[in-house]
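Trainee: Would you mind keeping the following structure in view while I ask a few things?
What follows is calculated from the coordinates using simple rules that are stated; it is not laboratory data. It should be emphasised that the depicted structure is a prediction, and the values quoted were computed from it without experimental measurement. Cβ atoms come from the backbone with ideal geometry, glycine included; neighbour counts cover every protein chain shown.
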Amino acid sequence: MPERRVTVASKVGLHARPAALVAKAAAAQPVPVQIAKDGRDPVAAGSVLNLMTLAAGHGDEVVITAEGEGAQAAVDAVAELVATDLDG
């Protein structure tokens with residue numbers, strides 16, 4: 001299962017606009033994408049509510065995973081967004 005650790009770049013963390021953009025990108029992937037913080041259980045990255053309940057703030061590290069055909073590309077696409085400052 002592909003996995004990627006990434007640091008949340010947005011100043012507001014995975015909340016509001018950044019969460020919506022990440023959730024939209026995750027939902028568009030051909031495989032389910034999950035995200036976890038601090039060794040907690042992973043949640044579906046395609047849900048804004050799930051992303052906000054992670055309470056992942058600026059500078060926090062999260063783990064993004066996916067399983068199935070195209071999983072590596074899905075993980076990379078979502079990880080790039082999380083690692084980008086989406087506040088602008």
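Trainee: Ordered by packing density, taken as the mean number of other Cβ atoms within 10 Å over each peptide's residues, highest first, how do 75-86, 51-62 rank?
Mentor: Averaged packing, sorted descending, gives the order 75-86, 51-62.
Trainee: I've got another one for you. Output wanted: per-residue J couplings in Hz (rounded whole) for segment 31-47, from phi through Karplus 6.51 cos²θ - 1.76 cosθ + 1.60, θ = phi - 60°, x for Gly and Pro.
Mentor: In residue order, the calculated couplings are 10, x, 10, 10, 9, 9, 9, 6, x, 6, 5, x, 10, 5, 6, x, 10 Hz.
Trainee: While we're on this one: Taking amide H atoms as placed 1.01 Å from N in the peptide plane, list the residues 5 or more away in sequence, or in a different chain, whose amide H sits under 5 Å from that of D87.
Mentor: K11
Trainee: Counting Lys +1, Arg +1, Asp -1, Glu -1, what net charge surrounds R4 among other residues with beta carbon under 14 Å of its beta carbon?
Mentor: The answer is -3.
Trainee: Could you tell me which residue out of G13, Q72, G46 lies farthest along the dipole of the chain toward its positive end? Charges go on the beta carbon: Lys and Arg +1, Asp and Glu -1, centred on the Cα centre.
Mentor: Positive-most Cα among the choices belongs to G13.
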